[in-house]
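Here's the structure we're looking at; comments come further down.
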Amino acid sequence: MFENKKILNLSFFLLILISEFLLFVYLFSNSFVYADDTHLHHQPLKELFYSSKQGIFISAFFVKLFSVYIPFYFDLHPSFFRSTYFCYIEAIIILSFIFILNNVLFINKKINFLYTISFVFLSSFFFFIMQQQTYLLLYMYEGIFRQLIPTFLLILLIYVNLKTTNENSISQNRLLFILTFLTCIWNEFTCVTVTIGSILFLIFSIKKIDSKKKFIIKFIPIIISLCSCLILIKSGAFTRRSENLINLDYFVSILKLVPEFSISYIYNVFFKHIFMYIILFVQIAILIFKVKKDKNIKKTIKIILCYLFGILAFFCMLIGLGKIFDGDYGVTHKDLYVMYSMILCSFNLALLNLIIRYNLIKDLFIGIIMIISSIYLVKNNFFYYKDTIKFVMKPWMIEVYKAEKIIRLANLKQKTIFLDKKLFDDSYNWALFQEFNEREENTLYKESPYITYLNQFEKENKIIQCFIFTDTETVKKEFSKNGGLFTEEELNNIDFNRLKDKNFVLNYKE
């Protein structure tokens, strides 16, 4: 009977897993490479392994690998590779993260019917949170590799920290040390969080460290995180958004910002996440008062509070950048919101794990709450992403496709490239211009990072960068004069790989 129940639970979970995988693949297949994704140009292959963009080593490696080297090696248009092949890789990445997040809820707990229910809930919750920054974090390489993956690694590090029971064996803590390094070297946000969190954890644990080996195990993550932090500082990761020189005048100017920054900090960091904080501290209070003097509870709360303080310290540091995000402070940055929300979610799951393990709340009750929440979240996500694909991504893909065909046709005809001035309206198209703030109508441009990016995939028909932004009618007229044509079938079934075919662009019939 028990074995049949186990098989049934496993079968149901696999069915959910396969269904979500196919759904995610479809969602990500609507992605493509656009101007905001193309600032990493083609470089010698050897530079793939050691060069970085402003100190962001690992994410730069993966961005270049998938946006440049793999499409180039297989002679594929980068947008075709993005929507046709990378959508499978991305689906696996997201499912792996949800799996890690779900396992935080099941630390040292038997897997039962709740496992599948919570997996569905966390999947829907993930995409609900992602609505804050859908394009950058789901449809861009850098968003995936620079923001999402380090968040996944930090949550995995928290999981390993909570799961690790043998504090006397250095070899059994190797995974913890490796994750500490990867999490710190990957991203400034996670680097500061882990560095400060590791230091605080050692300080708060110092009284209970009764052996040299235990001290070494607690101290190694601090050394690793501090070294990683120094590497990022040396390579310019922490100063990439600020040109301020650290001197007396700089500190005086920062002090003047404190009152205004504090208001923004409290509102954006605490008030906007108040629901998660209420759940967090209610769970802590329940565990402290209901289950006293338990080592697991004390360790879990200690780890959570240490890392939380690290996160809050990072947000405090953003005052040093001043107002650089649309006239406001860095605490308003939506990329950070997504990362922050996911980590707060993992904290709550770790505490909920203890509440369930100590039978303070029954699995059945949690399951019912998650089912009800999932129904609402799935419905909300369905309409949001359906509209995003229909009214944003597909029209956007068509415009990018049409612009590239116009570029390629004019180039083959050795004519000046005329592009629609409507491209000005979308801030994500910044790489179409040599400088973001230098864009004018009817002005001849001779350099564009976007065209430079496309050129690296061309073996014969390199695009001569000579283009003008003008009105829609002029663009249509020049395109038609060059013999260009957009068919209904072509625009209903976008295939960027066809743009690599000279005869197709020239509209030659076989």
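The values are calculated or read from the model by the stated rules, or taken from the named source; none is laboratory data. It should be emphasised that the depicted structure is a prediction, and the values quoted were computed from it without experimental measurement. Virtual Cβ from ideal backbone geometry, glycine too; neighbours counted across all protein chains shown. When the accessible area is computed, the model is the full protein with side chains, heavy atoms only, and any ligands, DNA or RNA have been set aside. Shrake-Rupley method; radii C 1.70, N 1.55, O 1.52, S 1.80 Å.
Over segment 351-510, what is the relative contact order in percent, taking alpha-carbon pairs closer than 8 angstrom and at least six residues apart?
Here the relative contact order equals 24 percent.
How many nm is it between the label spots at residue 111 and residue 170, if each spot is 7 Å from the Cα in line with the beta carbon?
Those two pseudo-labels are separated by 3.4 nm.
At a threshold of 8 angstrom on Cα-Cα distance, excluding pairs fewer than six apart, so keeping six or more, what relative contact order does the chain reach in percent?
20 percent
Using DSSP to define loop residues, name the trypsin sites (Lys or Arg not before Pro) in segment 362-468 whose beta-carbon has at most 13 other beta-carbon atoms within 10 Å.
Here the sparse-neighbourhood loop sites are 362, 446, 459, 462.
With +1 on the Cβ of every Lys and Arg and -1 on the Cβ of every Asp and Glu, and nothing else charged, how large is the dipole of the chain about its Cα centre, in debye rounded to the nearest 20?
2440 debye
Hey, what angle do you get for helix 295-317 against the long axis of the chain, alpha-carbon based, 0 to 90 degrees rounded to 10?
On a 0 to 90 degree scale, this one is about 40.
Of the heavy-atom accessible surface of the chain (probe 1.4 angstrom), what whole percent is carbon and sulfur?
That share works out to 64 percent.
Suppose the chain between residue 507 and residue 216 were pulled fully straight at 0.36 nm per residue; how much longer would it get relative to their current alpha carbon spacing?
Result for the pair: 97.9 nm of gain on full extension.
How large is the dipole of segment 209-310 about the Cα centre if only Lys and Arg carry +1 and Asp and Glu carry -1, each at its Cβ, rounded to the nearest 20 debye?
800 debye
Hey, what D do you get for the chain in µm²/s if you plug the Kirkwood alpha-carbon radius into Stokes-Einstein at 25 °C and 0.890 mPa s?
96 µm²/s
Would you mind checking the tilt of helix 472-481 against the longest principal axis of the Cα atoms of the chain, expressed as 0 to 90 degrees and rounded to 10?
60 degrees
Calculate the spin-label point distance for residue 480 paired with residue 254, positioning each point 7 Å from the Cα along the beta-carbon direction, and give it in nanometres.
6.0 nm
Rounded to the nearest Å, what's the spacing between the alpha carbon centres of segment 461-510 and segment 74-98? Just the number, please.
Between the Cα centre of segment 461-510 and that of segment 74-98, the gap is 26 Å.
Sorted from largest to smallest, which semi-axis lengths in Å does the alpha carbon gyration tensor of segment 289-343 give for its equivalent ellipsoid, taking the root of 5 times each eigenvalue?
Working from the Cα gyration tensor, I get semi-axes of 33, 11, 7 Å.
Based on the Cα coordinates of segment 116-165, what is the per residue volume of their convex hull in Å³?
Cα convex hull per residue, to the nearest whole number: 83 Å³.
Subtracting the Cα-Cα distance from 0.36 nm times the residue separation, let me have the gained length for residue 25 to residue 488 in nm, one decimal.
Stretched fully, the residue 25-residue 488 segment lengthens by 164.2 nm.
Shape verdict for segment 192-338, please, from the Cα gyration tensor: rounded (a/c under 1.5), prolate (a/b greater than b/c) or oblate.
oblate
Work out the length of the dipole vector of segment 361-510 about its Cα centre, built from +1 on the beta-carbon of each Lys and Arg and -1 on the beta-carbon of each Asp and Glu, and round it to the nearest 20 debye.
Magnitude of the dipole: close to 340 debye.
With a/c under 1.5 counting as rounded, go ahead and sort segment 448-510 into rounded, prolate or oblate using the C-alpha gyration tensor (a ≥ b ≥ c being the square roots of the eigenvalues; past the cut-off, prolate if a/b is larger than b/c, else oblate).
Here segment 448-510 falls in the oblate category.
Would you mind checking 302/323; 6/293; 214/293 for any pair whose Cα atoms are more than 31 angstrom apart?
Where the Cα-Cα span goes over 31 Å, the pairs concerned are 302/323; 6/293.
Provide the per residue accessible area, probe 1.4 Å, for the chain, rounded to a whole number of square angstrom.
Solvent-accessible surface per residue comes out at 50 Å².
What ranking do 189-199, 479-489, 70-80, 277-287 get when scored by the average of other Cβ atoms within 10 Å per residue, highest first?
Averaged packing, sorted descending, gives the order 189-199, 70-80, 277-287, 479-489.
Compute the long axis of helix 334-357 from its Cα atoms, compare it with the longest principal axis of the Cα atoms of the chain, and write down the angle in degrees, 0 to 90, nearest 10.
Once rounded, one gets 30 degrees.
Kirkwood hydrodynamic radius, segment 316-441, all distinct C-alpha pairs: what's the number in Å?
Its Kirkwood hydrodynamic radius stands at 20.0 Å.
Along the charge dipole of the chain, pointing to its positive end and built from +1/-1 on Cβ of Lys, Arg, Asp and Glu, which listed residue (443, 364, 117) has its Cα farthest out?
The listed residue farthest towards the positive side: 364.
At 222 nm, what value in deg cm²/dmol follows for the chain if DSSP H runs of at least 4 each add -39500 (n - 2.57) and the sum is divided by all its residues, to the nearest 500?
-20000 deg cm²/dmol
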